[in-house]
Amino acid sequence: MSAADVTARARRTYSEEELGTPILGPSALGNDSRRFWHLTWTLAKTDFKLRFFDNALGYFWSLMRPLMLFGVLYLVFSVALDVGNDVEYFPVALLMGIVLYSFFNEATSQGLRSLLMREPLVRKVEFPRLAVPTASVLSATFSLGLNLIPVVVFALVAGVTPRWTWLLCPFLLVGLVLFAWGLALLLSCLFVRARDIEPIWDVVLQIMLYATPIFYPIELFVYINGGEHPELGRLIMCSPLAVVIQQLRDWFIDPGYLSAAEAIGLAWRLVIPGAIWAGVIVGGFFFFKRVAPRIAEDL
Amino acid sequence: MSADVQQRPAVYVDGVHKTFRLPKEQVHTLKERVLHPFRRSGFEELRALRDVQFDVGKGEFFGIVGRNGSGKSTLLKCMAGIYGTDEGRIYVDGRLSTFIELGVGFNPDLPARDNVELNAAMLGLNTREARERFDAIIDFAELHDFIDLKLKNYSSGMLVRLAFSVMIQVDADILLIDEVLAVGDAAFQQKCYDEFERIRRSGKTVLLVTHDMNAVRRFCDRAMLLEHGRMLAIGDPETVGNRYLQLNFSEEARAIAQEEARALGERGAAPVEYMSEREGERFGDGRAEIVEAWCEDAEGRAATQLENGTRAAYVARVKFHDDVEDPLFTVSMTNTQRQQVLSASTVWTVPRPGLFRKGDVVEFRVDFDNILAQDRYQVSASVELSGGHWLDFRERMFSVVVTSKKVTGALVDVPQEVSLNRLGASAPEVVS
């Protein structure tokens, strides 16, 4: 009996209502949103546990990295090179910038590697694919939450007074997390196809460290030096990361800092970083959705 | 309506095709793409599944068998929703759970408790369900004393037990299982078998992908054989199992034999030159030539497979290129262990057949009752003069596969009648 005969004999026709649910193959979100969130949460939680509660000093060590970077940058730029001494509470701004940048760095690079690191899962279990990079970003968000505690403490100790604009800060943080999420989705898919995305992204992250007002105040470009390079300051402010950090300086630390709108010159120009922000999130999501069904095969 | 639901197949696979596109050269970096933008790396198409069509009824234990690369795991992954299909659809009625590998996503740095939670989340249980089942899982795995031990400190047996326990505690209506029985010690395997027996009785639908024909015979109601992504056979597990063995022996015997020979050699055991699929040595002075030889089944048709318990025959055609007086014709068959199980010669029946002239053709025929055990047999043939002078000797000229409905592990299946007489308990009687 040939294969075709076997198939023909096995062929029986059913009407639609005689059949169960069709199996549609893997997707980004799946059809059960509770399962998606439960899985994302569990993945992020275990990931976080592994990093911080594995030993008693886990949390301490995770704080050490931004604090050490803070110490070095403070000594080099503020003490030795005298940068930022003409703005209020610059050490607080420096620490906050470092913590936020560390989050951005961690969320995007962990997100980038996430699909490959969980390869056995992706290849052997059916589950909503989006859970993997989302869990990476969520886990980085947990550590952002922990790292922001010393920032607030440091700010209060330094004499920053709480204002009503503090209430607006969470919106900026959510915006930052979403931006990192969009990038993580984009990068994780690209990384499956091209493995040199990782070193390239490392370089981009380095550039962003310098092209973001973290260890210098944006005022350096806009006011100081007689406003010689305002266009450079405006270019820097086109990055959503720069907008978030600058606006937080204004809202959280001291109104003496330029707001993002002031730094970019005209308020409508904020449309540019806004469009980049929205484009990354929407583009990242739809790109991931399109690629998701084939991830298991392409890995 | 309820009658409809009753009749619904648990799984219905409707003409599924699946093709993988394998790039001829793996382009894995942007650099390569940028440096060679016009170099179109060609794709090789691997047709993993071709028009696969079957249904599995509710409560059925269905086996999917096939050799390596036959597409059975791809089929399972399509049913599980891990791969999308290119053509055709798959319908499932009920909650489905897939076990392609035990303990997928187990993290060695986490204790059992966290891993069970993680694994349960992967398999689709929510937190409450996972917590409720935790005790049952640990009970089954017998790991009470090791709940808070990190998995990296577990023995492999303990890991398997934990993973299998999680698997069976997910109550799905349909279970897709891929060769999970190949792991664990004998006692645990027995436990797994018992659990299969229980799952089977509890009316769940199981699709089992396996190489283990004994498991197929023991558990499956029906089975399907895949080869090169096509369905070769479907139905009775006995028949499908035999078909699989034929397939396996005919094409893979050589590879396995070589592998075993290598393993034997490494262990320093008997340096047997293992038999191969290829024809062995050929000696002789060429005055006679064994032109062709084959086996015949009970109906007298040339066959490469013979069924145990039927009549069979060996036939050889010999042509003489010179005048030869009183040649002997012999044949022998050896099994995969190189044990000779059949030997026939004209020396006992026609010791002096007389003179054969140049150009004469002779048919040498051996009819026998096939009592050989299920295995692959190599056939060697010779024409010789008494005293050990070869005219033509063809070692391992061809091979034949014997199939059997029972697997006894014995060298041969001696025809037998098995009976059982109950004798009264109080007053034993002598039964003749």
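Computed from the coordinates by the stated procedures, all read-outs in this text should not be read as laboratory data. Everything numeric in this text was worked out from a predicted model, so none of it was measured. Here the Cβ positions follow ideal geometry from the backbone for every residue, glycine too, while neighbour counts run over all protein chains shown.
Could you check the simple spin-label distance between A:Leu50 and B:Glu363, using points 7 Å along Cα→Cβ, in nm with one decimal?
7.1
Return the average number of partner chain Cβ atoms within 10 angstrom of each residue Cβ along peptide B:88-101.
Details: counts 0, 4, 7, 8, 5, 4, 2, 1, 4, 2, 3, 2, 5, 4.
The per-residue average across the peptide is 4.
Which listed residue (A:Val72, A:Leu232, A:Leu167) has the Cα farthest towards the positive end of the charge dipole for the range A:40-298, taking +1 on Lys and Arg C-beta and -1 on Asp and Glu C-beta about the Cα centre?
Among A:Val72, A:Leu232, A:Leu167, the one farthest towards the positive end of the dipole of the range A:40-298 is A:Leu167.
Grab the Cα-Cα distance for B:Asn68 and B:Thr304, subtract it from 0.36 nm times how many residues apart they are, and report the gain in nm with one decimal. Present the calculation step by step, with values, prior to reporting the outcome.
Values: separation 236, 0.36 × 236 = 84.96 nm, distance 2.23 nm.
Between B:Asn68 and B:Thr304, full extension yields 82.7 nm more.
Starting with the fewest neighbours, write out A:Trp201, A:Trp41 ranked by other beta-carbon atoms found within 10 Å of each beta-carbon. Show your work: numbers first, answer last.
Details: A:Trp201 19, A:Trp41 16.
The order, fewest Cβ neighbours first, is A:Trp41, A:Trp201.
To the nearest 20 debye, what is the magnitude of the charge dipole of the range A:40-298 about its Cα centre, counting +1 on the Cβ of each Lys and Arg and -1 on the Cβ of each Asp and Glu?
Working: 18 positive and 19 negative charges, 229 e Å.
It comes to approximately 1100 debye.
Place a +1 charge on the Cβ of each Lys and Arg in the range B:282-403 and a -1 charge on the Cβ of each Asp and Glu, then give the dipole magnitude about the Cα centre in debye, rounded to the nearest 20.
My answer is approximately 200 debye.
Per the helix-only calculation at 222 nm, which mean residue ellipticity applies to chain A, given -39500 (n - 2.57) for every DSSP H run of n ≥ 4 and division by its residues, nearest 500 deg cm²/dmol?
Details: 15 runs with 199 residues, N = 299.
It lands at -21000 deg cm²/dmol.
Taking H placed 1.01 Å from N in the peptide plane, check which residues at least 5 places from B:Ala303 or on another chain put their amide H under 5 Å from its amide H.
B:Cys295, B:Glu296, B:Asp297
Just to check I understand the Karplus step: with θ = phi - 60° and J = 6.51 cos²θ - 1.76 cosθ + 1.60, what whole-Hz values come out for the range B:81-89, glycine and proline as x?
Result, rounded to whole Hz: x, 7, 10, x, 9, 7, 9, x, 9.
Only helices at least 15 Å long along their own axis, judged from Cα atoms, and with Kyte-Doolittle mean hydropathy of 1.6 or greater: name those in chain A from DSSP H. Could you put the intermediate results ahead of the total?
Numbers: long enough: A:33-52 (28 Å, -0.56); A:58-73 (24 Å, 1.18); A:90-117 (40 Å, 1.06); A:131-158 (40 Å, 1.87); A:169-193 (37 Å, 2.21); A:197-210 (20 Å, 1.22); A:271-291 (29 Å, 1.55).
Qualifying helices, which must be both long enough and hydrophobic enough, are A:131-158, A:169-193.
May I ask for the net charge around B:Phe320, where only other residues with Cβ less than 9 Å from the Cβ of B:Phe320 are counted and Lys, Arg are +1 while Asp, Glu are -1? Please report the intermediate quantities before stating the final value.
Values: positive: B:Arg287, B:Lys319, B:Arg357, B:Lys358; negative: B:Glu289, B:Asp322, B:Asp323, B:Asp360.
Net charge around B:Phe320: 0.
Give me B:Thr205, A:Thr46 sorted ascending by neighbouring Cβ count inside 10 Å, so fewest comes first. Spell out each step's value before the answer.
Values: B:Thr205 25, A:Thr46 21.
Listed from fewest to most nearby Cβ atoms, that is A:Thr46, B:Thr205.
Please return the longest range in chain A lying between exposed loop sites, taking trypsin sites (Lys or Arg not before Pro), DSSP loop only, at most 16 other beta-carbon atoms within 10 Å, and leaving the sites out. Can you show the working numbers first?
Values: sites that count: A:Arg11, A:Arg12, A:Arg163, A:Arg195.
By the stated rule (loop sites, at most 16 other Cβ atoms within 10 Å), A:13-162.
Cut-off under 16 Å on the C-alpha distance; same-chain residues fewer than 8 positions from B:Lys191 excluded. Which aspartates and glutamates are left, in chain and number order?
B:Asp139, B:Glu142, B:Glu179
Find, among the GluC sites (Glu not before Pro) in the range B:295-340, those assigned to loop by DSSP (not H, G, I, E, B) with at most 11 other beta-carbon atoms within 10 angstrom. Mind showing how you got there, number by number?
On the way: sites: B:Glu296, B:Glu299, B:Glu307, B:Glu325; in loops: B:Glu299.
Qualifying residues, ordered by number: B:Glu299.
Of the cross-linked pairs B:Lys31/B:Lys72; A:Lys124/B:Lys405; A:Lys45/B:Lys150, which ones have a Cα-Cα span greater than 26 Å in the structure shown?
Details: B:Lys31/B:Lys72 36 Å; A:Lys124/B:Lys405 35 Å; A:Lys45/B:Lys150 17 Å.
Distance filter (> 26 Å) returns B:Lys31/B:Lys72; A:Lys124/B:Lys405.
Please average, across the residues of B:107-113, the number of beta carbons from any other chain that are within 10 Å of each residue's own beta carbon, and give a whole number. Walk me through the intermediate numbers first.
Numbers: counts 4, 0, 4, 4, 0, 0, 0.
Other-chain Cβ atoms within 10 Å of each residue's Cβ, averaged: 2.
So if we plug the beta-carbon distance of A:Phe60 and B:Glu197 into 1/(1 + (r/R0)^6) with R0 = 60 Å, what FRET efficiency do we get, rounded to 0.05? Walk me through the numbers before you get to the answer.
Details: r = 53 Å, r/R0 = 0.89.
The formula returns an efficiency of 0.65 here.
Report the GluC sites (Glu not before Pro) located in the range B:326-432 that are in a DSSP loop and have at most 12 other Cβ atoms inside 10 Å of their Cβ, or state none. Spell out each step's value before the answer.
Numbers: sites: B:Glu363, B:Glu384, B:Glu395, B:Glu417, B:Glu429; in loops: B:Glu417, B:Glu429.
For GluC sites (Glu not before Pro) across the range B:326-432 that sit outside H, G, I, E and B with at most 12 neighbouring Cβ atoms in 10 Å, the list reads B:Glu417, B:Glu429.
Which loop trypsin sites (Lys or Arg not before Pro) in the range B:279-347, with loop taken from DSSP, have no more than 16 other Cβ atoms within 10 angstrom of their Cβ? If you can, show how the numbers build up before the last one.
Values: sites: B:Arg282, B:Arg287, B:Arg301, B:Arg311, B:Arg317, B:Lys319, B:Arg338; in loops: B:Arg287, B:Arg301, B:Arg338.
Passing sites in the range B:279-347 are B:Arg301, B:Arg338.
Run the reach check for B:Lys319 against lysines, Cα to Cα strictly under 24 Å, same-chain hits fewer than 8 apart removed. What comes back?
Partners found: B:Lys358.
Long-range amide H contacts for B:Ala48: which residues qualify at under 5 Å (H placed 1.01 Å from N, peptide plane, sequence gap of 5 or more or a different chain)?
Amide H to amide H, under 5 Å and 5 or more residues apart or across chains, B:Ala48 pairs with B:Lys18, B:Thr19, B:Phe20.
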